[in-house]
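**Q** Below you will find the structure I want to go over with you.
The values are calculated or read from the model by the stated rules, or taken from the named source; none is laboratory data. In this text, all values refer to a predicted model and were calculated from it rather than measured experimentally. Here the Cβ positions follow ideal geometry from the backbone for every residue, glycine too, while neighbour counts run over all protein chains shown.
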C-alpha cells in the first residue's frame, strides 16, 4: 500500500495529520503498539519539521508486509550542517515556533533513536529529504 500526504509550511493546525492517519491504519492492521509508537514518533517529528522549517512538503508512505518506509521531502531552506542538526537541543526554529512549544531540537535525534534505518539529505536553499524505515515485526529500538 502506498499513501501520500501534502504538508503546508507554517500550518500548525494540521501538523500531525499524516502521523495520525498512519497510526489509525497500523492499529487496524493489528501492528504491535510498541512498533506503532516508534512509527508515530518518527513520522510526527519529521512532519512537524516540515511545518516549522519549510514552505511545503510531501510525505510518501510505503507499507509492506513487514516494513513501513516513510519519505518526507520538503521545499525549504535546507540544512547547512546535518551533523550539527542531529545534536540534541540544537534548533534553528524561529522564536514564534518555539513559543508554540515546538523547535526544542529533539526532532531529528528522536527519529534517529526510533528508526531502524534513517537517512537525511539536504541541499541548502532547496530543501531536505528524510527517509525512515521501521520493521513492523520488531519492537526493539
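**Q** In this structure, is residue 65 surrounded by fewer than 14 Cβ atoms within 10 Å (Cβ to Cβ) and either out of contact with any helix residue (DSSP H, G or I) (no Cβ under 6 Å at 6 or more places or on another chain) or closer than 17 Å to residue 17 by Cβ (or both)?
**A** On the way: surrounded by fewer than 14 Cβ atoms within 10 Å (Cβ to Cβ): yes; either out of contact with any helix residue (DSSP H, G or I) (no Cβ under 6 Å at 6 or more places or on another chain) or closer than 17 Å to residue 17 by Cβ (or both): yes.
Considered against the rule, which asks whether it is surrounded by fewer than 14 Cβ atoms within 10 Å (Cβ to Cβ) and either out of contact with any helix residue (DSSP H, G or I) (no Cβ under 6 Å at 6 or more places or on another chain) or closer than 17 Å to residue 17 by Cβ (or both), residue 65 comes out as yes.
**Q** Right, something else. Taking region 35-90, which residues are touching a residue at least 60 places away in the same chain (Cβ under 8 Å), within 25 Å of residue 101 (Cβ to Cβ) and in a loop (DSSP other than H, G, I, E, B)?
**A** 54, 76
**Q** When residue 90 is evaluated against the numbered criteria (1) at pLDDT 95 or above; (2) in contact with a helix residue (DSSP H, G or I) (Cβ under 9 Å, 6 or more places away or on another chain); (3) over 22 Å from residue 1 (Cβ atoms), which criterion, by number, is the only one it fails?
**A** Against the list (1) at pLDDT 95 or above; (2) in contact with a helix residue (DSSP H, G or I) (Cβ under 9 Å, 6 or more places away or on another chain); (3) over 22 Å from residue 1 (Cβ atoms), residue 90 comes up short only on (1).
**Q** Still on this model: Of the residues 82, 68, only one is in contact with a strand residue (DSSP E or B) (Cβ under 7 Å, 6 or more places away or on another chain) and at pLDDT below 95; which? So that I can check it myself, show each step before the final result.
**A** Values: 68 fails: at pLDDT below 95.
The unique qualifying residue is 82.
**Q** Within the group 97, 31, which residue is touching a residue at least 12 places away in the same chain (Cβ under 8 Å), in contact with a helix residue (DSSP H, G or I) (Cβ under 9 Å, 6 or more places away or on another chain) and part of a helix (DSSP H, G or I)?
**A** Just one listed residue meets the conditions, 97.
**Q** Out of region 101-124, which residues are in contact with a strand residue (DSSP E or B) (Cβ under 7 Å, 6 or more places away or on another chain) and assigned to a strand (DSSP E or B)?
**A** Those that are in contact with a strand residue (DSSP E or B) (Cβ under 7 Å, 6 or more places away or on another chain) and assigned to a strand (DSSP E or B): 117, 118, 119, 120, 121, 122.
**Q** Here's a follow-up. Which residue is surrounded by the fewest Cβ atoms within 10 Å (Cβ to Cβ), if the candidates are limited to region 125-139 and must be assigned to a strand (DSSP E or B) and in contact with a helix residue (DSSP H, G or I) (Cβ under 7 Å, 6 or more places away or on another chain)?
**A** 134
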